[in-house]
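Please treat every number below as a calculation from the coordinates, not as lab data. Just so it is clear, the structure is predicted and the values come from calculations on it, not from any experiment. Please note: Cβ atoms are built from the backbone with ideal geometry, for glycine as well, and neighbour counts cover all protein chains shown.
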Amino acid sequence: MRNRIFRVVRAVRILARDGRIPRPLRLLVLIGAAPVPGPFDEIVLLIAAIPLALFYRPLLREAWVGAAVAKSPA
């Protein structure tokens, strides 16, 4: 479980620096990841997930694979 969490964090870092994803979409993901009380952050993440899943699936897969080959913390 711990390794999977670290892999998700590494994949998000890779995607945050990827210039192929438009900046407004990356900003939505950042806002959605903020610890805001209530359903606001979840709604923003769902809105951002739709174009990511439809148009950027190869980039998501590439980040996931790239995060797997990166070294995990000791």
Notebook entry, point to check: If the viscosity is 0.890 mPa s and the temperature 25 °C, what Stokes-Einstein diffusion coefficient in µm²/s follows for the chain when Rh is the Kirkwood radius over Cα pairs?
Noted result: 188 µm²/s
Notebook entry, point to check: Given +1 on the Cβ of Lys and Arg, -1 on the Cβ of Asp and Glu, and no further charges, what dipole in debye does region 2-69 carry about its Cα centre, rounded to the nearest 20?
Noted result: 340 debye
Check: Summing +1 for each Lys or Arg and -1 for each Asp or Glu, what net charge is found among the other residues whose Cβ lies under 11 Å from the Cβ of Arg26?
Finding: +2
Note to self: In whole Hz and in residue order, list the ³J(HN,Hα) couplings for region 43-58 that follow from phi through the Karplus curve 6.51 cos²θ - 1.76 cosθ + 1.60, θ = phi - 60°; x for Gly and Pro.
What the structure shows: 5, 5, 5, 5, 5, 6, 5, 5, x, 4, 5, 7, 10, 10, 4, x
